[in-house]
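Reading through the structure tokens given below for one structure.
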Amino acid sequence: MDASNQLQIVIPNDLPKMEEEIDYSERAQWLRAAVLGANDGLVTIASLILGVGALKHEAKAIILSGLAGLFAGACSMAIGEFVSVYTQHDIEKAQRKREEGNGEEREKLPNPWQAAGASALAFALGGVVPLLAAVFIADHRVRMGVVVAATTLGLAGFGGVGAVLGRTKVVRSCVRVVVGGWVAMAITFGLTKLLGSSGFGV
């Protein structure tokens, strides 16, 4: 057979590269809600436990305060995320109605229910960590130390997971999240202790 008559298959160079051209916009939606929710849960509940523990040594009061904060925080995160994402959804939907040729991108609009659920669940999972660390420790000082240690490990873990999935520097992300959590816990404990010593405690 003549070589000139042979079928030649030409592969174009502009085919999408699945592994290299991953669209991180859709992943960023749930990743942001999940990681931020978990971090907020850890820091909020741990700070609340330390704040109450600055004045109260009874485990029951500390655990009940932590549970109340867990429920309130999860609901607040869900509502806030739902409103935020739903507003973004409406803005993008209205914008695409005014434009032409966007039909293929309609499925990529943010899902407010998904973001709200992920945010609430992540907050609850993060907040459970310091609660579990506090509930099984009888000695007050040891309890506070264990809460700080467990929260630190949790913050580092969530920060590392977020950095890996988001393709950012792991060490820098972990340090930033952990230091921020320490600052929040220290401020909450210090201000509550100061107010308690000034006569505001019960």
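The values are calculated or read from the model by the stated rules, or taken from the named source; none is laboratory data. Since we're looking at a predicted model, the values are computed, not measured. As a convention, Cβ positions derive from the backbone with ideal geometry for all residues, glycine included, and neighbour counts pool all protein chains shown. These area figures cover heavy atoms from the full protein model, side chains too; ligands, DNA and RNA do not enter into them. Shrake-Rupley method; radii C 1.70, N 1.55, O 1.52, S 1.80 Å.
Points to keep in mind about this one:
- Test set (1) touching a helix residue (DSSP H, G or I) at 6+ places or on another chain (Cβ under 7 Å); (2) modelled with pLDDT under 90; (3) not charged (D, E, K, R) - Val43 fails condition number: (2)
- Summed over segment 170-199, the residues that are open to solvent by less than 40 Å² (accessible area, probe 1.4 Å) and more than 11 Å from Val43 (Cβ to Cβ) give a count of 5.
- Residue check, Val170 at pLDDT 90 or above and aliphatic (A, V, I, L, M): no
- If you go through segment 49-82 and keep only what is hydrophobic (A, V, I, L, M, F, W, C), surrounded by fewer than 15 Cβ atoms within 10 Å (Cβ to Cβ) and at pLDDT below 90, you end up with just Ala61.
- The single condition among (1) farther than 26 Å from Gly53 by Cβ; (2) of a type in the set (Val, Ile, Thr); (3) open to solvent by less than 60 Å² (accessible area, probe 1.4 Å) that Val164 does not satisfy is (3).
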